[in-house]
Amino acid sequence: MKKLLYLFFALNIIFSCNEQKKEMTNTTVDDTQKEELAPTPEKEITDPKETEVWDPEPKAISFNDMNVPSDAIQLFNGTSLNQWISTKDSTAAAWTINSDKTMTVKPGTGDIQTKNNFGSVQLHLEWKAPDLVKGEGQGRGNSGVFFQNKYEVQILDSYQNRTYANGQATSIYKQHIPLVNATKPNDQWQTYDIIFHAPEFDTDGKKTKSGSFTVIHNGVLVQDHVEILGSTEYIGPPKNEPHGKGPIKLQDHSNPVHYRNIWVRELD
Ligand code: MG
């Protein structure tokens, strides 16, 4: 009997709780409460000064007669190759310096690379295809600029010279096709302005963030913040071995490509 009484009381309590819950849910919010719940409208800004930010003030930079920014590192100013060494044996770079403040790939001497290592950078360089239009496809005016010794932005005489699209001038070699072909004829100087963001790796060597390239060729956007998939390989897929900062490299692809006015700004 006692047990039955307990059960009766328990059921009664559960029933009352449910009824209370229902009542709470059904309660309507009156107008006063509605006003209280509404977000307070933000104060209208009428003074233009309230949205002005004055600090930090960007540092003012200047430009020299070659239009090099004062906070850039000049990698080639036309008179010396002292920022560069041979990639194959670290001896002095053996490419030819010309009297007009340009330099030319000396075929067979090999790639050259900066003595210093870099992370993320903005790079400016100017190049001109060989004086004599010779060869086809990848064989005409081929060179290249590599970042951290692994990621190539192709340099090629791509003026009226068809090759695979992910291997023409300004391609991220075998990874990204340029948006347009902005390459000028071989008798004209061409500019590359490249923003390179380096990939990041954790302490276990796993890539945690992909690198990226933005490339402007002769003033035209041709690579718009594209993801670097790994090293730019001639054969096979990209590789993602961990690494830190590395040199900037120019390629000797057996074609006498000319260079001038190379500078870099470090972004990290
Ligand atoms: Mg190349």
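The values are calculated or read from the model by the stated rules, or taken from the named source; none is laboratory data. Fair warning: this is a prediction, and the values are worked out from it, not measured in the lab. Backbone-built Cβ (ideal geometry, glycine too); neighbour counts: all protein chains shown. Surface accessibility is based on the protein's heavy atoms, side chains included, excluding ligands, DNA and RNA. Shrake-Rupley method; radii C 1.70, N 1.55, O 1.52, S 1.80 Å.
A few comments on the model shown:
- Verdict on ALA72 being touching a Ser or Thr at 6+ places or on another chain (Cβ under 8 Å) and away from the ligand (no atom under 15 Å from the Cβ): no
- Pair list, Cβ < 8 Å and 6+ apart or interchain, from region 132-144 residues that are assigned to a loop (DSSP other than H, G, I, E, B) to residues that are open to solvent by 40 Å² or more (accessible area, probe 1.4 Å) and within 12 Å of the ligand (Cβ to nearest atom): ASN142/HIS253; ASN142/SER254
- Top-ranked residue in region 47-82 [being among the small types (Gly, Ala, Ser) and free of Cβ contacts under 8 Å to residues at least 60 places away in the same chain; ranked as least open to solvent (accessible area, probe 1.4 Å)]: SER80
- Any hit, region 190-207, residues being on the phi > 0 side of the Ramachandran plot and either assigned to a strand (DSSP E or B) or within 13 Å of the ligand (Cβ to nearest atom) (or both): no
- The numbered conditions (1) in contact (Cβ under 8 Å) with a residue 24 or more places away in the chain; (2) exposed (fewer than 13 other Cβ atoms within 10 Å of the Cβ) are all true for THR91 except (1).
- Residue count for region 99-110, restricted to those that are exposed (fewer than 12 other Cβ atoms within 10 Å of the Cβ) and touching a His at 6+ places or on another chain (Cβ under 9 Å): 0.
- Search result, residues across region 127-151 that are open to solvent by less than 10 Å² (accessible area, probe 1.4 Å), at negative phi and either within 11 Å of the ligand (Cβ to nearest atom) or of a type in the set (Phe, Trp, Tyr) (or both): TRP127, ASN142, SER143, VAL145, PHE147, TYR151
- Condition broken by ASN186, with the remaining ones in (1) more than 25 Å from PHE118 (Cα to Cα); (2) in contact with a helix residue (DSSP H, G or I) (Cβ under 7 Å, 6 or more places away or on another chain) satisfied: (2)
- Here is the figure for region 216-268: residues that are more than 16 Å from the ligand (Cβ to nearest atom), at pLDDT 95 or above and not β-branched (Val, Ile, Thr) total 25.
- Any chance GLN175 is surrounded by 21 or more Cβ atoms within 10 Å (Cβ to Cβ) and without any contact (Cβ under 8 Å) to a residue 24 or more places away in the chain: no
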